[in-house]
Amino acid sequence: MMILESMRMAWRSLMMGKLRAFLTMLGIIIGVGAVIALISIGQAATGSVTSQIQALGSNLITVTPMRSAGAVLYYPQDVAWLKQVVPQISADAPLMTGQVTSDYGSQSYATTLMGTSPASLQIQGRKLAAGRYIIASDVTYRRAVAVIGPTVEQQLFGVTSGLGKTIYVNGTPLAVIGVLQSAGGSFGANADDVILTPVTTAEEILGTNQVSSIIAEARSSDIAPLAVAQIEAVMDARFASQNAAVVVSQDQILSALSTITNTLTLMLGGIAGISLLVGGIGIMNIMLVTVAERTREIGLRKAIGARRGAILTQFLVESGILSLVGGAIGALLGGLGATIMARALGWSGGVATNSIVLALGFSLVVGIVFGMWPAMRASRLDPIEALRQG
Amino acid sequence: MADVIRVESLKRIYRMGDVEVAALQGLDFAIPEGQMVAIMGPSGSGKSTLLNLLGCLDRPSAGRYFLGGEEVGRKSDDALADVRNRRIGFVFQNYNLLPQLTALENVELPLVYRGLGRTQRRKRAEDALAAVGLAERRHHRPLELSGGQQQRVSVARALAGEPDVILADEPTGNLDSTSGEEVLRLFLALHKSGRTIVIVTHDEDVALHTERIVRLRDGRVVADDPVPASSRHTLGEVQEL
Ligand SMILES: Nc1ncnc2c1ncn2[C@@H]1O[C@H](COP(=O)(O)OP(=O)(O)OP(=O)(O)O)[C@@H](O)[C@H]1O
Ligand SMILES: [Mg+2]
């Protein structure tokens with residue numbers, strides 16, 4: 001019998017019990033919807049994280065001396081030293097970090113102070129929204145100036161601009177000379193919650209001349225791994241330790257993060273896949289009930305000349321339609337959910353097309369695999385026995 | 001005339017565990033083309049068992065069955081399905097129409113399994129429905145039809161495939177006398193147009209409308225007599241179908 005006839009036949013039977021057909025599909029709808037939504041969201045998250053990190057400049061290397069290994073770096077001598085002994089880097093800058101309280105009028109906000117030098121703007125790939133950045137003379141003359149992140153500006157000044165105002169950082173008055181542009185997205189949250197000052201000014205506020213880390217720029221992204229190795233070597237040699245510093249390049253962070261997000265995406269997809277499997281079992285369950293209920297119909301069809309294959313096809317098509325229509329509805333809902341979610345989180349990238357193809361294909365396979373057993377049962381029924389029932 | 005149906009020492013033994021029920025204990029008879037035969041006998045005498053064998057729904061335990069000169073007893077399942085599809089028309093006591101299909105679609109069903117194209121199928125099904133007087137009811141579903149009408153649809157379904165034989169197991173058993181008579185009239189009309197018909201019935205009156213009565217008891221033929229024209233019951237003028 002032609003497959004078209006089977007489909008018409010299956011459709012008629014399904015239309016006999018619309019509510020049941022819908023409830024049967026529900027498992028597949030939820031399964032496919034979940035797979036598509038979760039994979040799409042996972043891929044959007046990966047893409048968003050990746051692009052944000054790439055925006056920071058792929059040549060960025062962060063060197064954090066390990067105090068536990070006896071490694072301590074000081075400004076300014078060690079920043080100059082590093083650049084000198086590692087020819088693979090084109091620039092470096094200190095980061096002197098501490099937790100501080102900032103005040104403006106009655107507003108008070110706890111944030112991170114970072115003392116640094118002019119090179120850090122370019123090394124970190126940041127941009128200014130207003131004003132200017134720290135310049136060499138600010139560092140030389142220990143000027144009481146600050147460049148603030150957008151989060152700090154918003155906390156202290158609300159909707160008005162902070163440029164030109166004086167804020168108090170741990171009691172020290174600093175003139176706001178610049179405001180950073182947001183690093184963007186969820187990943188930028190920390191990068192925006194910061195007050196930057198000349199490293200010399202930070203020394204006074206924090207009462208130290210040890211740097212938390214040195215950031216450096218490799219001459220090219222090709223050379224970055226080499227630069228990392230060289231920095232590790234000079235640090236280890238200098239402090240006579242195996243792990244004098246943690247040296248990370250942007251590439252390493254990127255690949256580590258994509259590994260994490262990819263694993264997460266797969267895991268989410270896998271969990272959703274299980275619900276698809278449960279949906280498949282639901283289809284099998286209902287198809288078994290259907291075959292049992294329609295034993296007489298099967299007997300009659302056989303009595304008037306349906307071959308085994310025709311009966312098998314009829315029930316397979318029926319479960320195939322259930323799973324495919326369910327899959328299509330699920331894909332629609334899942335795609336919609338993913339799009340809404342991505343919009344809400346400000347992520348680019350819509351529905352993962354590969355997840356749609358995957359989920360639809362999988363749901364069809366589920367329908368056929370789980371429909372197979374009931375359909376085989378139907379096709380093997382003895383016509384007389386079947387006709388006698390009911 | 002040639003025999004459409006011929007059985008030789010036909011046996012059917014049901015096995016249920018250690019118990020064996022010999023439902024048919026060796027039957028020999030032949031039915032020539034165009035004959036209308038009634039099979040009678042008390043309950044449990046093997047009438048339905050015999051009709052199932054003749055209809056290729058079941059296989060004999062022993063003996064031979066020739067349908068149109070060809071032995072069918074040993075064919076494969078699918079080959080038997082094709083025989084049922086092309087050469088047998090079944091009418092059941094309880095109609096056995098599919099509730100999700102319209103009258104017309106029910107009549108089409110055997111032709112679907114035959115692989116006939118849609119327009120051809122529809123034409124033949126419409127003709128068959130018209131022949132049983134249900135042309136206007138073709139888009140009704142079985143539950144919207146009376147018992148008698150449903151049985152007429154099932155006769156149309158048996159008819160649409162243009163089978164060699166029409167087999168009916170107590171076709172009037174569920175019907176009141178008026179609808180029963182309508183259905184019987186259909187069989188008589190089919191007979192008049194030359195078809196071979198085997199009817200299992202408990203109703204002596206129905207049997208007396210046929211040409212020959214085969215009586216079974218305990219799986220054996222105990223009587224096989226023509227119905228003499230003098231005692232034949234009639235329904236007045238019957239149109240050919
Ligand atoms: N599937 C089966 N398994 C076991 N025994 C069966 C089976 N079908 C029929 N029989 C037995 O075979 C015998 C003949 O049954 P059959 O149904 O042919 O009788 P029947 O003449 O059609 O009776 P009725 O007039 O009540 O329909 C009975 O003894 C019955 O119990
Ligand atoms: Mg019977």
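The values are calculated or read from the model by the stated rules, or taken from the named source; none is laboratory data. These numbers were taken from a predicted model, which means no experiment stands behind them. Here the Cβ is made from the backbone with ideal geometry for all residues, glycine too, and neighbour counts use every protein chain on show. When the accessible area is computed, the model is the full protein with side chains, heavy atoms only, and any ligands, DNA or RNA have been set aside. Shrake-Rupley method; radii C 1.70, N 1.55, O 1.52, S 1.80 Å.
Of note:
- Here B:SER9 clears all of (1) more than 14 Å from every other protein chain (Cβ to nearest Cβ); (2) open to solvent by 10 Å² or more (accessible area, probe 1.4 Å); (3) within 16 Å of ligand 2 (Cβ to nearest atom) except the condition numbered (3).
Rundown of residues vs (1) open to solvent by 10 Å² or more (accessible area, probe 1.4 Å); (2) closer than 19 Å to A:THR197 by Cβ; (3) not assigned by TED's automatic domain parsing to the domain that holds A:ALA216, yes/no style:
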position: A:ALA71; (1), (2), (3): no, no, no
position: A:GLN77; (1), (2), (3): yes, no, no
position: A:TRP81; (1), (2), (3): yes, no, no
position: A:THR101; (1), (2), (3): yes, yes, no
position: A:SER108; (1), (2), (3): yes, yes, no
position: A:SER117; (1), (2), (3): yes, yes, no
position: A:GLN122; (1), (2), (3): yes, yes, no
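- Filter result for B:TYR14 (aromatic (Phe, Trp, Tyr), within 14 Å of another protein chain (Cβ to nearest Cβ) and either closer than 24 Å to A:GLY299 by Cα or not in a helix (DSSP H, G or I) (or both)): yes
- Filtering region A:1-17 to residues that are outside any helix (DSSP H, G or I), without any contact (Cβ under 8 Å) to a residue 12 or more places away in the chain and either touching a Lys or Arg at 6+ places or on another chain (Cβ under 8 Å) or within 9 Å of chain B (Cβ to nearest Cβ) (or both) leaves only A:MET2.
- Selection of region B:101-113 for residues being within 7 Å of chain A (Cβ to nearest Cβ) and either open to solvent by 20 Å² or more (accessible area, probe 1.4 Å) or in a helix (DSSP H, G or I) (or both) yields B:LEU109, B:PRO110, B:VAL112, B:TYR113.
- Checklist (1) part of a loop (DSSP other than H, G, I, E, B); (2) more than 10 Å from chain A (Cβ to nearest Cβ) applied to B:LEU98, failing item: (2)
- For region B:44-94, filtering for residues that are within 22 Å of B:HIS202 (Cβ to Cβ), within 14 Å of another protein chain (Cβ to nearest Cβ) and open to solvent by 20 Å² or more (accessible area, probe 1.4 Å) leaves 6.
- Counted residues, region B:24-68 - those being within 16 Å of ligand 2 (Cβ to nearest atom), part of a strand (DSSP E or B) and touching a helix residue (DSSP H, G or I) at 6+ places or on another chain (Cβ under 6 Å): 4
So that you can scan it fast, the table gives a plain yes or no per residue for (1) open to solvent by 30 Å² or more (accessible area, probe 1.4 Å); (2) under 26 Å from A:LEU180 (Cβ atoms); (3) in contact (Cβ under 8 Å) with a residue 60 or more places away in the chain:
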residue: A:LEU19; (1), (2), (3): yes, no, no
residue: A:THR24; (1), (2), (3): no, no, yes
residue: A:GLY33; (1), (2), (3): no, no, yes
residue: A:ILE41; (1), (2), (3): yes, no, yes
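- Residues that are open to solvent by 20 Å² or more (accessible area, probe 1.4 Å) number at least 1 in the following strands (runs of 3 or more DSSP E) confined to region B:168-241: B:212-217, B:220-226.
- Qualifying residue in region A:365-380 (condition: assigned to a helix (DSSP H, G or I) and within 16 Å of ligand 1 (Cβ to nearest atom)): no
- Output for region A:356-383, where each listed residue is surrounded by fewer than 17 Cβ atoms within 10 Å (Cβ to Cβ) and within 11 Å of another protein chain (Cβ to nearest Cβ): A:ARG380, A:ASP382
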